Amino acid sequence: MGLVLLSASGAVEWTDAVQLALTTAALAGLAVAVLVVRRADGKALRIDQRVKRNEAALAQLRDSVRALAVQLKETSAGQRAGVDTVVAALGEDRAELAGQTDLLKRQAKALDAQRSTVDARLAEVKRSIEGVDRAVRDQVVRALRARTEYNQVEAMIDLRAMLQPRAPMPRLRGWAASPDVIRLLVERIAADRPKLVIECGSGSSSIWLGYAIERFGGGRIVALEHEERFARASQDLVAAHGLDSIVEVRHAPLTDWQGQPWYDTTALDDLSDAGLVFVDGPPEQTGPEARYPAVPLLLPHCAPEAWIVLDDTVRADEQRIAERWLREYPELTATSYAAEKGAMLFRRSTS
């Protein structure tokens with residue numbers, strides 16, 4: 001730009017100005033080339049130094065590899081010798097193990113044979129024991145039956161000796177109460193002389209208890225019967241034995257009480273101060289825990305020290321009933337009685 005101004009002002013000829021400009025440009029290009037060469041030389045020097053360092057590192061690595069190869073060669077020779085020794089030892093162990101395996105197989109066969117013999121003997125012994133168990137069990141059952149029969153005969157003899165009935169007595173056991181329970185009730189009448197005895201159910205027991213009241217003194221008996229034809233049959237029995245003034249059989253059909261059938265409670269309206277209650281009905285087939293209502297419905301009609309006898313306590317239903325009575329009525333205590341069909345004796349105590 002300065003050369004153009006000088007040429008324009010006439011201070012320098014334009015040809016000289018052009019020549020001077022070209023010379024200046026050549027010098028500038030030469031300076032740039034010098035700088036580029038210097039930079040390239042510096043970079044080349046650095047690359048050369050790096051190459052030399054890498055070559056030195058490679059040489060060192062090559063020496064290390066060679067030394068390691070020599071070491072591995074020596075180690076491999078030693079390891080091969082060790083491996084050969086191990087293989088030889090394993091071969092010996094394998095042979096020994098094979099021999100032991102054969103021995104164990106032979107022993108296993110021998111044990112299987114012995115086990116079969118032992119199993120056969122055990123089965124024979126078991127059959128013998130089962131035969132003995134059956135024989136013993138049968139003997140025990142026969143002895144228990146004999147004992148039960150004896151107990152019932154003994155109770156019947158006692159009853160007849162004590163009460164001396166005036167007419168043929170109806171059969172006991174089966175649907176009717178067993179002689180051992182009747183004797184328990186008669187003993188309570190003899191000891192306590194209750195003013196009133198309430199029976200849940202009627203029949204043979206009504207006659208025996210009527211004779212007990214007549215023999216030992218006391219009050220009267222009221223028997224509840226849900227079947228009208230059974231009530232009439234029981235009334236005929238009472239009349240045949242001349243116990244009309246002592247035993248009253250009331251027809252009390254089953255009615256609903258809190259969702260389960262029980263005797264019509266209007267039959268209880270005039271009853272009070274009962275000293276003994278015999279719960280032998282309603283029958284089991286009338287419903288689950290059919291005899292449970294006896295305590296909640298009869299307890300208000302009982303004396304403060306009343307006795308309650310529940311029959312048939314070998315049955316699960318009666319066992320549950322007894323548990324409920326004891327749980328729900330704290331004034332009751334209970335004692336099991338070893339009767340033929342099981343019985344439980346409850347005592348009320350309000351003191």
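The values are calculated or read from the model by the stated rules, or taken from the named source; none is laboratory data. All figures in this text were calculated on a predicted structure; none of them were measured in a lab. Heads up, the Cβs are rebuilt from the backbone with ideal geometry, glycines too, and the neighbour counts pull from every protein chain shown. The protein model used for the area step is the full one, side chains on, heavy atoms only, and it has no ligands, DNA or RNA in it. Shrake-Rupley method; radii C 1.70, N 1.55, O 1.52, S 1.80 Å.
Can you give me the Kirkwood hydrodynamic radius for the range 309-350, using every pair of distinct Cα atoms, in Å to one decimal?
Computed over Cα pairs of the range 309-350, the Kirkwood hydrodynamic radius comes out at 10.3 Å.
Going by accessible area, probe 1.4 Å, with all protein chains left in place, what is the ranking of SER272, SER349, largest first?
Heavy-atom accessible area, descending, gives SER272, SER349.
Taking the mean number of other Cβ atoms within 10 Å as a proxy for protection, how do you rank 213-222, 157-166 from highest to lowest?
Descending packing order for the listed peptides: 213-222, 157-166.
Using the Karplus equation 6.51 cos²θ - 1.76 cosθ + 1.60 (θ = phi - 60°), what ³J(HN,Hα) coupling, rounded to whole Hz, does each residue of the range 286-291 give in order, writing x for Gly and Pro?
Values, residue by residue: 6, x, x, 6, 4, 9 Hz.
Averaged per residue, what accessible area in Å² does the range 212-289 show with a 1.4 Å probe, protein chains only?
I get 47 Å² per residue for this part.
Would you mind counting up the charge near ARG188? Only other residues with Cβ under 15 Å from its Cβ, with Lys and Arg at +1 and Asp and Glu at -1.
Once all neighbours under 15 Å are counted, the net charge is -2.
Quick one: if you stick a label point 7 Å off each Cα along the C-beta vector at GLU149 and ALA120, how many nm between them?
4.5
For GLN285 and ALA338, calculate 0.36 nm times their separation in residues minus their Cα-Cα distance, and state this gained length in nm to one decimal.
Using 0.36 nm per residue and subtracting the Cα-Cα distance, I get 16.7 nm.
Obtain the nm distance between the two label points defined at GLU305 and GLU248 by a simple spin-label model: each point lies 7 Å from its Cα along the Cα-to-C-beta direction.
For GLU305 paired with GLU248, the spin-label model returns 2.6 nm.
First measure r as the distance between the Cβ atoms of PHE216 and ARG160, then evaluate 1/(1 + (r/R0)^6) with R0 = 22 Å and state the FRET efficiency to the nearest 0.05.
Calculated value: 0.90.
If I stretch the segment between ARG62 and ARG173 completely, what's the gain in nm (0.36 nm per residue apart, minus their alpha carbon distance), one decimal?
Using 0.36 nm per residue and subtracting the Cα-Cα distance, I get 28.4 nm.
Between GLU331 and ASP256, what length comes free when the chain is fully extended (0.36 nm per residue of separation minus the Cα-Cα distance, one decimal in nm)?
Extra length available between GLU331 and ASP256 comes to 24.4 nm.
Highest mean first, how do 196-207, 326-337, 176-187, 308-319 rank when packing is the count of other Cβ atoms within 10 Å averaged over residues?
For the peptides 196-207, 326-337, 176-187, 308-319, the packing ranking is 196-207, 176-187, 308-319, 326-337.
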